[in-house]
Structure formats: structure tokens, C-alpha cells
There are 2 protein chains.
Amino acid sequence: MGRRLVVIGGDAGGMAAAAQARRVDPLLDIVALEKGRWTSYSACGIPYLIGGEVASLDDLVARTPEQLREQGIDVRIRHEAMAVDLEAGKVEVRDHKLGRTFSLGFDRIHLGTGARPFRPDLPGIDESFVGGVQTLDDAQQLLSHLTHPPPWAPGGVKKVVVVGAGYIGLEMAEAFIRRGLAVTLITATPEVMPTLDPDMGKGVTRALRKLGVTVRCGESVTGFEAGAVHTSVGVTPADLVVLGIGVAPNATLADQAGLLLGARGSIVVDRRQRTSHEAVWAAGDCCESTHLVSGQKVHVALGTVANKQGRVAGTNLGGGYATFAGVLGTAITKVCGLEVARTGLTESEAVVAGFEPVAGVVDSTTIAGYMPDAAPLRVKVVAERGTGRLLGAQIVGDGPGAGKRIDVVATALTANMDAGDVADLDLAYAPPFGPLWDPVAIGARRAAAAANAT
Amino acid sequence: MGRRLVVIGGDAGGMAAAAQARRVDPLLDIVALEKGRWTSYSACGIPYLIGGEVASLDDLVARTPEQLREQGIDVRIRHEAMAVDLEAGKVEVRDHKLGRTFSLGFDRIHLGTGARPFRPDLPGIDESFVGGVQTLDDAQQLLSHLTHPPPWAPGGVKKVVVVGAGYIGLEMAEAFIRRGLAVTLITATPEVMPTLDPDMGKGVTRALRKLGVTVRCGESVTGFEAGAVHTSVGVTPADLVVLGIGVAPNATLADQAGLLLGARGSIVVDRRQRTSHEAVWAAGDCCESTHLVSGQKVHVALGTVANKQGRVAGTNLGGGYATFAGVLGTAITKVCGLEVARTGLTESEAVVAGFEPVAGVVDSTTIAGYMPDAAPLRVKVVAERGTGRLLGAQIVGDGPGAGKRIDVVATALTANMDAGDVADLDLAYAPPFGPLWDPVAIGARRAAAAANAT
């Protein structure tokens, strides 16, 4: 038998690494442990499953355990890694199906343990009607709550409270509206979408209200009891509560094994995704990344990042050489027709990172203004005062083609462009695709002018 | 009276310069001559006017002569510059309305004389039923042909032949289909859309046929006569013919004035848009550009380029300092729902420019594959063998969000990225916007692999 790689975690950060290690080294012995029932799935698709656009849980699975086994990855579902003994080179594994515990030797280990929804220490937080949206097991539990209503809602779940107004919170709010439920969204922030500057978040708050969601900003949740959510303002009835207040890295196993933890308790890794122990690698929501604009270590829990990091780790684990470029915090979502996207630093993030930011804001249209389907689009480009260095951008636009424009800025940030360079780009134009001057280019030009003026 | 700038041409290349010169120097005396009736209009919008999506010709006008005059630009429509005497510092102007000719002095002159549809020297090419789509006057003539049919089609125009299968040809074919006419598209090229490599153009040919257009590739037009088009294959009845076989720069005035001409007979300009004579500047479809990938001088006739060059010329004419970055030949169009885009060099263009290209092709979907509206999307990324340098990309995709992805490649090309860098970009992802790995990134990864492998 050759060398053995044990992969812990059956979703993106783990399976992208396993699959890539297999490609690079066809002889490596790869065992993968997943405590749940599913592997390689799109957690980002869960809101569309709950909303009914995606018909079944299985549709979200990219590769089943069987398919992974056919690729030569020995996947064991409902197997949980309980402890890692780095000195002995062994993992203690709990087989939840057979109810037994055993020890598994390894030469190298890869951690793709992911993240868990942040659960603040509030009374009633562990009630079964208060759920997260992180794994397919969470999704199944949510669906089961909807079909088997709690005792205080014998007629079926009608009132849902979503706590938190980030991407997941918003997508879940829309999903429940699609199911015909009454949705209240409660957030402590002044506007929804706290990853945008408030002047941009305002437009999203408006769109959510138009969609029929009762949005309550600036309100803190203080606890839960059967059928109700307590907040700083009062009591709100709830047949079901979904938490969308962010995630925390699942780094307990790493911590217990003595690995170094960094940003927000995530696992420290180097450029090649190796942890502080030379036999242990990590990728995805459990580990930290370097932000390409601020240069700071950050914890970004996104499927794209997890897959890229997993691929890098897998290449290295297979004996190749790869490095992970870093993150920009690029993200996008759609609320009804409204497209919302961001990349790099917001004005407030730029201040925290030590920059003095200026912004260029433009109100334009998604396509040429004279075309019948032209819809409003706002772009905000953030640059550094004096130097004109591009720092980030945010987009809120009402229609197809608005949000993905953010990718131009993500590319320009990676290339260390100035805002003025973005204004000059030879971007694609035809009337059904945008105004002659792309709104991103105009925003960049204004940001460059603001940077020079002050 | 201060210094006088005479601008020749009332559309993008001319008016962008005039408006910007006015902003930079509020005291400059600016006279603008336009031989037609309209100023500052979107010629790119003409197909949507003919197709009925845009209601009136006036909707395509960004700034009327009156609005330009309010900005302090002395616009004279139906005034044609007949000759430029650089030694005497005078333009001979023909006032078509009053039928008189006069002489106008200038300190500096700016040429925005645009381009004219290429009209090959074929029998019958000057018949009135054979039209171009370059100016609003052309558009008005086309609309008038449709409402006042020729003698051989007393029941109204029913059969249209479009000659040429570039952007304009395709957009006009769709416009006539929207009007319920029978459309035949004839092109000498093996597939439609010759600015793509044929393997990508094939998908567009298919889509056009599906739309109901009779597409005839590999067929040369040999002449025209009342009611018919003659080709290498035979005779095709036609109540109306539209030429979409490209444009030639309108550089006659520049040539007669002794200015240097370059690529395809377009006016030679430097980085600041100054021609070979220090008092004369030029911008837009009449002049040449530098291609950012090949480094070669090219003639690209596009509204975006004309506006950018005009702005640069205007800044310099007003006493400021600006340079034009160059072009990538980025272009996009929509045929029915099919989005087609390109930037940089195709494989064949790369060969001509002296590169040895490799390509990465990926068949993917516009949004996550499990979402109900997922549609096919093909991306081809071209890179240089050995170095992996990014050279260009082409996209053909069936639905919203497909084509504008090209802007990522346009940005990456401007930043001199390698194909491998594009594969690593932190692009925006959520299920309604794309697969987890963006097709552009996968295409780039494949191109990088091909570049290294060979």
C-alpha cells in the first residue's frame, strides 16, 4: 500500500482537494470522511431548493459518494472525524451508521471541515425550529419543518422569521415568499446587506419591501421560545426561524490537534494551503485567506474560494506545485430581479484597512436608455485618495446583466489597476447590453477624479 | 475673439471631442459642421429602430443640435466640409440648405468624419434599393423604402436580402424578421460572424436559421438589378438590399489635405489623437488605433472607441493632456436570445499577428446547471503557445449574462495577464449567475494547460 491521504469533509474544500490529488497522483490512497449523508453539493443552491425552483435535494449534488468512489476516492459518509493525533498519525473516526469508533492511519491529512452558522448565545437558540442553512442536512431539516409543522402551528408553517440580512438571509427571505409564506427579516444593521456600504444597501432594503418582506432594521434579537422571537423591540410570532447572521469556521478538530488558528478562529494556511503542521493541509470555509487589496488575513466562506483552495491543496498533496492567489471578497446575489454585487473593499472596509477612500457613484441603466427594457443600475467605485488606486466596487441593479459587471472590477483589482485604468477599458458595447459608456467605467472615472481632486 | 476649433462631423468622434474641449476650455470658439441632419446619435441603435423596438429616430439622438448649442458648440447641420486648406487655415464649407459655399477660418481642426459602408464595385451597387446602415440618414432612407415600396413590389416590401454576416448584417436580419419580412442573408465567408473563429461562428449560423433567416454561406454577390441580387450561385429576388460587409474610413478630406493615412486608409494619429499635421486632430471611425495585443495599427469602427478617442482629442484640444489607451476589438451582439462576443485576437488573427496560438474551449451553462433557466454557453480562450500569454476570447451563449463575460478577458488583456491568471480570478458566483467555476475561468485554465503542454 502507498501513502494514505485522509480527507475530512465531503463538500467543496474537501472533495475538490481529493479529486485533484487523485488526478495528479493516480496511486495515492485517498480516504474521505463525511459526517453527513451528502458529498460535493452546492450549499449555495439551498435557497432555490427551499423556494421550489430546484426540484430535489439530489439536484444540488455535483458528485455522489458512488461517483467519487468510481474516481478512486474511498468516501465514507456518516463517518465523523472525532480527533486527530498528529504524533501517532491517526484519526479517531466515529461511524454513526454502525455506532462504532475506529482508528485510521494517515501519512497526510486534509481538512475541509467547513463552517457552521453563527449561533449567538441567546435563550432558546437551540430550539429545533431555529435552523441554519449551511449543509444539505440543514436543508432537509428545513424542508421537514415545512411539511411537519410545529405543535403551535397545526395548520402549517405560515410565519417565518429570518434573522440577519446578508446574502443567505435575503435569499432565504425570497425563497419563503415564493412558497407563499409571511416573512419578517430582522437585522441589527441600519440597512440590509451589511457587506455593502449603507448608501448602496438602501436600494436593496427597498426592493425587499417591494417583494413583500417585512424588513426590520436596527433591531436586535434577544431570544427565542416556542412560536416566537424576542427582540429589542418586542415579541414576533414565528413558526420557523432561519439564522443568516454569518458563519464561523469549523476549526475545533484543528484546534484540538494543536494547529495554529488565525482570522476569526480559522485555520492558518500558507500560500500552498498547508497548515502550521507539515502533514496537514486545509481548504475552504474552515481556513483563512489573504485579501488581495488589504493584504490582511481574512475569513471568507464562499463556495468559489473553497473549490479553488481545494484544487490548490489537492495539486500539492498529489506532489505537484500550486499556490492560491488570494481573495477579493467578490460576491453576488439576486433578490427578485434586483442584482447585488460587490468586490474588494467597501468605503468602510477601506477605512478599517488603513486607506483613505474616495468614491465615484453613477446612476445609469442596465442596457441603452432608449431600449424598452432599460432598468436602473447604480455603481459605486471606491479608490484611494491621492493615488487613485482601485480599492473595490459595489453594484445594485434592476435586471439581467447588472451584477456580473462586478467581475471587471475583480479582474482590475487583481491586476492592481488604478481607477483611471478601468475608465479606459475596451469593454463590450451594443445597445441590448449597456449604455455606450459602461456604468463601471463611468464610476471608475468619477472615483479617479475624486482621488485626484482631494 | 479667441482661438477657433472647427470640428468636422456631428456624431461620436466629432461631438465627444467638441463637448470635452468645451469642458476643458470654456472660452474656445467651437464650430461644428455636420453634413446630415442629426448630431450625437447612436448608429448602433439603428437595427432596433428598424426592428420596431425603438419607436422613433429621435430616441437615438443623445444630443440635438439645439442642446449642443446650449453647451456653447456652434453646430451647423447640413453643412459639409468640402476641402481643408491647412496652409491658409481655412475650410471650404457647403451649406446644403441655402445652397451656398463659404470659407471658414480655423486655428485647429478636428476630424470626426466617420466611416461609410463598404460598397464593392459591382454592377447595380448604386441602385437606390441597395442601402447601408451607417448614419441616421441611412436609417431614414431604409424606413422610407419600407413604407414606400419600389415599383416591382407594389404590395409592399416582403423580401429582404442582407449582404454580409458581421454584427450589422446579423442585427439587421433579426430586425427585418421582427417586421415579419422574409430575410435571406448572403455571405462569402464559411460561417456567419467572420470576426469569430469558424468553430464559434457555426453556433451563430445555427441560431440565425432557427430564427427563420435563410442563411447562405460561401456565396459571393456579383451584382444587383431592380428587384434582384445576382450571386455566384444564381439570382435571388429582393425588394430591398442591405449591405453589411464592413465599413471604410471616410478619409477623403484628410487625404486631400495631405494628411498621412495608415491602416486600411484611415487617418494616422498619435497617442493624443493628433494627425500628421500639428493643427489637425482626429477621432472615431475615420482614424486608426493601436491594437493592445498585437501592437499593430488597426482600423476599428465602433461607437465606444469613437467616444473614447473623441474625449481624448477634446481634452488635448482644450489644452489638457490625455492619451488613448488602444483597442482590443472587443465587440458584442445579440441575435434573438443568442449572445455573441469577442475580444483580443481570434486564433486566425493571432497567426496573422505572428503568434502561435493554442485554445481552451469549454461548453458550460449561463447559470448553475441545476437552475431551471440554465442555457448552453461556449467559451473559447486563445493563448500563446509556450508563454501562456492571454491573446483573446470568444463567447457564444444562449441567454442573459453570456456575452458580457467577455469584459473579464478584455480587462485581463489590458493588464497583460496570462491565461493561468484568469483561471484564478475571484469572480462573482451565485447559482442564478453562473456555474461555480465561471466558464471564462475554465476556458482560460484549459488554454493555459494547452500552452504549457505543447
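Just so you know, all these numbers are worked out from the coordinates, no wet-lab data involved. As the structure is a prediction and not an experimental result, all values here were calculated from the model. Note: ideal-geometry Cβ built from the backbone for every residue, glycine included; neighbour counts use all protein chains shown.
At 25 °C and a viscosity of 0.890 mPa s, what translational diffusion coefficient does Stokes-Einstein give for the stretch A:331-453, taking Rh as the Kirkwood radius over Cα pairs? Give it in µm²/s as a whole number.
Working: Rh = 14.0 Å.
Estimated via Stokes-Einstein, D reaches 175 µm²/s.
Show the residues, 5+ positions off or on another chain, whose built amide H is closer than 5 Å to the amide H of B:Thr189.
B:Gly218, B:Glu219
Which of the lysines could be linked to B:Lys159 by a straight reach, that is with a Cα gap under 20 Å, when you skip same-chain ones fewer than 8 residues away?
In chain and number order, the partners are B:Lys210.
In the structure shown, do any of B:Lys380/B:Lys404; B:Lys202/B:Lys297; A:Lys202/A:Lys334; A:Lys334/A:Lys380 have a Cα-Cα gap over 23 Å, and if so which?
Values: B:Lys380/B:Lys404 14 Å; B:Lys202/B:Lys297 29 Å; A:Lys202/A:Lys334 15 Å; A:Lys334/A:Lys380 18 Å.
Beyond 23 Å: B:Lys202/B:Lys297.
If we hang a label 7 Å off Cα along the beta carbon direction at B:Asp199, how far is it from the matching labels on the other copies, in nm, shortest first?
From this label point to the equivalent ones elsewhere in the assembly: 4.7 nm.
When the dipole is taken about the Cα centre of the stretch A:105-193, and only Lys, Arg (+1) and Asp, Glu (-1) are charged at their Cβ, what size is it in debye, to the nearest 20?
Values: 7 positive and 9 negative charges, 51 e Å.
In debye, rounded to 20, the stretch A:105-193 gives about 240.
Using only C-alpha atoms and all pairs of different ones, pull out the Kirkwood radius for chain B in Å with one decimal.
On the way: mean 1/r = 0.0429 Å⁻¹.
Hydrodynamic radius (Kirkwood, Cα pairs) of chain B is 23.3 Å.
Considering the options A:Ala430, A:Gly388, A:Gly403, tell which one lies farthest towards the positive end of the dipole of the stretch A:331-453, charges being +1 on Lys and Arg and -1 on Asp and Glu at the Cβ, about the Cα centre.
The one lying farthest along the dipole's positive direction is A:Gly403.
Tell me which of A:Gly319, A:Ala306, A:Ser294 sits at the most positive position along the dipole axis of the stretch A:258-360, charges placed on C-beta atoms (Lys, Arg +1; Asp, Glu -1).
Sorting the options by dipole projection puts first A:Gly319.
Checking the cross-link filter: which aspartates and glutamates have an alpha carbon closer than 20 Å to that of B:Lys97, excluding same-chain neighbours under 8 positions apart?
Counting by Cα, and skipping residues close in sequence, B:Lys97 has these aspartates and glutamates nearby: B:Asp11, B:Glu34, B:Glu66, B:Asp74, B:Glu80, B:Asp137, B:Asp138.
Straight-line reach from A:Lys90: which lysines have Cα under 26 Å away, leaving out those fewer than 8 places along the same chain?
In chain and number order, the partners are A:Lys35.
Write down the percent of antiparallel bridges among all DSSP beta bridges whose residues are both part of the protein assembly as shown, to the nearest 5.
65
What number in nm² do you get for the protein assembly as shown if you take the convex hull of its Cα atoms and divide its surface by four? Mind showing how you got there, number by number?
Working: hull surface 165.4 nm².
Averaging across all directions leaves 41.4 nm² for the Cα convex hull.
If you take every DSSP beta bridge fully contained in the stretch A:119-243, what fraction is antiparallel? Give it as a percent rounded to 5.
Details: 7 of 21 bridges.
Approximately 35 percent, going by the DSSP bridge assignments.
So if I place +1 on the C-beta of Lys and Arg and -1 on the C-beta of Asp and Glu, and nothing else carries charge, what would the dipole magnitude of chain A be about its Cα centre? I want it in debye, nearest 20. Can you show the working numbers first?
Working: 43 positive and 48 negative charges, 62 e Å.
Its charge dipole is roughly 300 debye.
Please give the calculated 222 nm ellipticity per residue for chain B, where each DSSP H segment of at least 4 residues contributes -39500 (n - 2.57) and the sum is spread over every residue; nearest 500 deg cm²/dmol?
On the way: 12 runs with 116 residues, N = 454.
Helix-only estimate at 222 nm: -7500 deg cm²/dmol.
Report the one residue of A:Leu240, A:Gly99, B:His96 whose Cα lies farthest in the direction of the positive end of the charge dipole of the protein assembly as shown (charges on C-beta: Lys and Arg +1, Asp and Glu -1; origin at the Cα centre).
Of the candidates, A:Leu240 comes out farthest on the positive side.
Let me see the pair-distance distribution of the stretch A:75-230: every alpha carbon pair, 10 Å bin width, integer percents in order.
9, 30, 27, 18, 13, 3
Is there a quick way to get the dipole size of the stretch B:331-453? I mean about its Cα centre, with the Cβ of Lys and Arg at +1 and of Asp and Glu at -1; what is the value in debye to the nearest 20?
Values: 10 positive and 14 negative charges, 32 e Å.
In debye, rounded to 20, the stretch B:331-453 gives about 160.
Restricting the count to DSSP beta bridges whose residues both fall in chain B, what percent are antiparallel, rounded to a multiple of 5?
Working: 56 of 88 bridges.
Looking only at bridges with both residues in chain B, the antiparallel portion is about 65 percent.
What is the Cα centroid distance between the stretch A:379-440 and the stretch B:348-377, reported in whole angstrom?
23
Starting with the fewest neighbours, write out B:Met15, A:Met172, A:Met82 ranked by other beta-carbon atoms found within 10 Å of each beta-carbon. Please list the in-between numbers first.
Numbers: B:Met15 30, A:Met172 25, A:Met82 12.
Starting with the residue having the fewest Cβ neighbours, the order is A:Met82, A:Met172, B:Met15.
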